[in-house]
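J.: If you scroll down you'll find the structure; I have some questions about it.
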């Protein structure tokens, strides 16, 4: 589900769970552990990538719908913790968006230091509302930090999925490149950062991202509780099961 590739101090964590790199409990656990332990194992920067055409389609809804309340609570906690270790990583993290990045795929990206996306017929965005989930407070806060309050409202309330060009215009991604150049460019971004005087760069990066620490201190637990409150509601369960039915119909 997760392939680790060394690039001389830059560790690429490639999501490799076909066909859509959907985030289930096992993948979230593996990714969480890999990000958390990377610095101690010698990584000086991280690149989070996917496969050609697909970064991540977000949560594995069909699998998650089978979980009971206890298992779902554990999943939401680890998902929030995954976002926390991304946001608070002591080493830089570049998101190499190799293709479609809806919902949870976009969520992972907004907690990274930079986002380099593949140009083309792809979609990215936080479409949670369209499938019955309110955007959690900590995720909305991180998006607002990235794109501004008005743009975050537009993207989240309408549950928009936008093109890479539209995402760059909104500030959701920082750079667009042909698909085959996305991962090399993310690695190069990391190396350029690591070439700077290390103490000065690290201290300034901590300062620049300190608001993310505050965000999780204030909203992390609340976001977990919000998700648990709505997940088993009739509205959310109905929307999720309708989504699963649509996906099944497309697969026939």
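J.: Just 230, 173, 182 to compare: in a GNM of the chain, with alpha carbon springs under 10 Å, which one fluctuates most?
T.: 230
J.: Eigenvalues of the Cα gyration tensor times 5, then square-rooted: what semi-axes does that give for the range 95-252, in whole angstrom, largest first?
T.: Semi-axis lengths for the range 95-252 are 29, 22, 13 Å.
J.: Figure the gain on full extension for residue 211 and residue 8 (residue separation times 0.36 nm, minus the Cα-Cα span) and round it to one decimal in nm.
T.: Using 0.36 nm per residue and subtracting the Cα-Cα distance, I get 70.0 nm.
J.: Could you state the angle between the C-alpha long axis of helix 69-87 and the longest principal axis of the C-alpha atoms of the chain, as a value from 0 to 90 degrees rounded to the nearest 10?
T.: 30 degrees
J.: If you wrap a convex hull around the C-alpha atoms of the range 88-157 and split its volume per residue, what is the figure in Å³?
T.: Taking the convex hull of the Cα positions in the range 88-157, it is 91 Å³ per residue.
J.: So, R0 is 35 Å and r is the distance between the beta-carbons of residue 222 and residue 119; what FRET efficiency does that work out to, to 0.05?
T.: 0.45
J.: Over the chain, what relative contact order in percent results from Cα pairs under 8 Å that are six or more residues apart?
T.: Answer for the chain is 20 percent.
J.: Restricting the count to DSSP beta bridges whose residues both fall in the chain, what percent are antiparallel, rounded to a multiple of 5?
T.: Among the beta bridges of the chain, antiparallel pairing accounts for roughly 30 percent.
J.: With the alpha-carbon atoms as the only input, what is the per residue convex hull volume for the range 75-117 in Å³?
T.: 62 Å³
J.: Continuing with this model, one more query. Contour minus end-to-end for residue 153 and residue 200, with contour as 0.36 nm per residue of separation and end-to-end as the Cα-Cα distance?
T.: 13.4 nm
J.: Another question, if that's okay. Full-extension gain between residue 250 and residue 234, please, as 0.36 nm times their residue separation minus the C-alpha to C-alpha distance.
T.: My answer for the length gained is 3.3 nm.
J.: Still on this structure, please answer the following. Can you give the calculated 222 nm mean residue ellipticity of the chain, where each DSSP H run of n ≥ 4 adds -39,500 (n - 2.57) and the sum is split over every residue, rounded to the nearest 500 deg cm²/dmol?
T.: -16500 deg cm²/dmol
J.: Give the Rg/Rh ratio for the range 2-194, taking Rg as the radius of gyration of the Cα atoms and Rh as the Kirkwood radius, to two decimals.
T.: Using Cα coordinates only, the ratio equals 0.94.
J.: Roughly how compact is the range 44-88, stated as its Cα Rg over 2.2 N^0.38 Å to two decimals?
T.: Dividing the Cα radius of gyration by 2.2 N^0.38 Å gives 1.44.
J.: On to the next question. Using only the Cα atoms of the range 4-73, what are the Rg and Dmax in Å?
T.: Rg, Dmax (Cα atoms, Å): 13.9, 43.
J.: For a Förster distance of 45 Å, can you work out the FRET efficiency between the beta-carbons of residue 169 and residue 70, rounded to the nearest 0.05?
T.: 0.55
J.: Let me ask something else about it. Rounded to the nearest 10 degrees, what's the angle between the helix 198-208 long axis and the longest principal axis of the chain, both from Cα atoms, 0 to 90?
T.: Once rounded, one gets 30 degrees.
Computed from the coordinates by the stated procedures, all read-outs in this text should not be read as laboratory data. Keep in mind it's a predicted model, so treat the numbers as computed, not measured. Quick reminder, even Gly has a Cβ in these numbers, built from the backbone with ideal geometry, and neighbours come from all protein chains shown.
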